[in-house]
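Taking it in order: structure first as structure tokens, then the write-up.
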Protein chains: 2
Amino acid sequence: MARTQGSHAEITGPRIRAAALRLFAQQGYAAVSMRVIAREVGVQAGALYNYIPDKQTLLFELMRDHLVELMEAVRPCLDGPAEARLEAFVRFHIAFHHARLDAVFIAYMELRNLTPDNFAEIEGLRGQYERLLQDQLDMGVHDGAFAVADTRIASMAIIAMLTGVNTWFRADGRLSLGDVQEMYWQMVHRMVSVGGTVSP
Amino acid sequence: MARTQGSHAEITGPRIRAAALRLFAQQGYAAVSMRVIAREVGVQAGALYNYIPDKQTLLFELMRDHLVELMEAVRPCLDGPAEARLEAFVRFHIAFHHARLDAVFIAYMELRNLTPDNFAEIEGLRGQYERLLQDQLDMGVHDGAFAVADTRIASMAIIAMLTGVNTWFRADGRLSLGDVQEMYWQMVHRMVSVGGTVSP
DNA sequence: GTCTATATTCTGATAGAC
DNA sequence: GTCTATCAGAATATAGAC
């Protein structure tokens, strides 16, 4: 039997998430009403509740899905010699985050709008990613490939520096994404190199 | 003649700003109502409008005052040889921002809640501060004190790295603020030094 | 699966008494 | 300078028709 007219289960769910992602990033979670999300999708506000239990869960799942995808995508960067792994991580972080401006923005800016339980889960995922970089630095120091006074501080500094690219880089500017990846890798390389020297 | 009972003009204004600063930082501008601010101060919502024209202006002035204070406080860091100026800037940025967690948070997170005119003014002030660091790097490169491929990129990277301290550093942790200032200066020093070498 | 209608609470801002 | 009362509208979420 044909589907009831006006029924679009397979596409409405993803469209709600896509609209919420963009609107939350542009205006903020608290400033975006369920009615505005519904209008963007082309349904009435009540229909949203066929797909999401409430607004809070919608926010939480957007953040969780982003971080889970990040953790899966970073895996290929963890093979090879220490310096190659770090370079791969730097280039990956910049490219992955540039391709997901809205999700990155939300994952950083809307933490305070999560319930305590949801906040704990998101912070756990973020901590795993930060720990990943710290482990890379620890192994490089152990190998003698890197010289870093405090790998926890260095990993936080590097992640902040790389994520900061999203605040100013636009693909139509004077630099390509490849230019930016190259320059950031040079800066990170200098930061962690033994004796402050970088071999050519 | 004695002041009307219940009248506290001199202290209510600053208390409104202090309460708004803290609440906006904790919950976000859009999530904080005028009634909640008023309750925090200990007055009724209507009384707030003796001190501020509207909620938007309250947010704008908090951000503007923070950035104006930042621009004034950074001035003493701009004297001396290139390397000393950069070290002073690094230490200053970390200390100044650590002492103003709420204002820094708001100045970064609530930009999207400003009207276009107010946004332009705030972005102008932030741009002045970023340009200040870039000028320092330019002068150091010109002197031969620094080797930096792109001073604009390097200044954005350094500011993001330094501001990121606010996301994880707490004074009761394993490191003192002085420890952190020292380690970040070492990392920045390595990043900008000629030939990637750092003299002892 | 989507609609309309609704319950309940809250919102920013103003008017006028004191 | 602060209060109370109020306006006009928006918020999240639910109920029940189709």
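The numbers here are math on the coordinates, done by the rules we state, and not lab data. Source: prediction; values computed, not measured. Note: ideal-geometry Cβ built from the backbone for every residue, glycine included; neighbour counts use all protein chains shown.
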Given H placed 1.01 Å from N in the peptide plane, which residues other than close sequence neighbours of B:S193 have an amide H under 5 Å from its amide H? B:A147
For the stretch A:81-88, in residue order, the Karplus 3J(HN,Hα) values (coefficients 6.51, -1.76, 1.60; θ = phi - 60°; whole Hz; Gly and Pro = x) are x, 3, 5, 5, 5, 5, 4, 4
Give me the percent relative contact order of the stretch A:9-52, please, defined on Cα pairs under 8 angstrom at least 6 residues apart. 35 percent
From other protein chains only, count the Cβ atoms within 10 Å of every residue's Cβ in A:159-172, then give the mean. 4
If the viscosity is 1.002 mPa s and the temperature 20 °C, what Stokes-Einstein diffusion coefficient in µm²/s follows for chain A when Rh is the Kirkwood radius over Cα pairs? 113 µm²/s
Label geometry 7 Å along the beta-carbon vector: B:L111 inter-copy distances in nm: 1.8
Using Cβ contacts closer than 10 Å as the measure, can you line up A:V194, B:V32, A:V141 from fewest to most? A:V194, A:V141, B:V32
Taking a ≥ b ≥ c as the square roots of the Cα gyration tensor eigenvalues, with a/c under 1.5 meaning rounded and otherwise prolate when a/b beats b/c, else oblate, which class fits the protein assembly as shown? oblate
Treating the point 7 Å from Cα along Cα-beta-carbon as the label, what are the nm separations from B:A18 to the other copies, to one decimal? 5.0
Using the C-alpha gyration tensor of the stretch A:6-119, what are the square roots of 5 times its eigenvalues, in whole angstrom, with the largest one first? 32, 15, 12
Calc'd 3J(HN,Hα), the stretch B:146-154, phi into Karplus 6.51 cos²θ - 1.76 cosθ + 1.60 (θ = phi - 60°), Hz, glycine/Pro = x, comes to 10, 10, 9, 5, 9, 5, 5, 4, 5
Test of understanding: in a Gaussian network model of chain B with alpha carbons linked when under 10 Å, which of B:G173, B:G140, B:G164 would top the mean-square fluctuation ranking? B:G173
Output wanted: per-residue J couplings in Hz (rounded whole) for the stretch A:56-64, from phi through Karplus 6.51 cos²θ - 1.76 cosθ + 1.60, θ = phi - 60°, x for Gly and Pro. 4, 5, 4, 4, 4, 5, 4, 6, 5
With a cut-off of 8 Å between alpha carbons and a minimum separation of six or more residues, what is the relative contact order of the stretch A:57-192 in percent? 33 percent
7 Å along Cα→Cβ, label-point gaps from B:E83 to other copies, nm, shortest first: 2.5
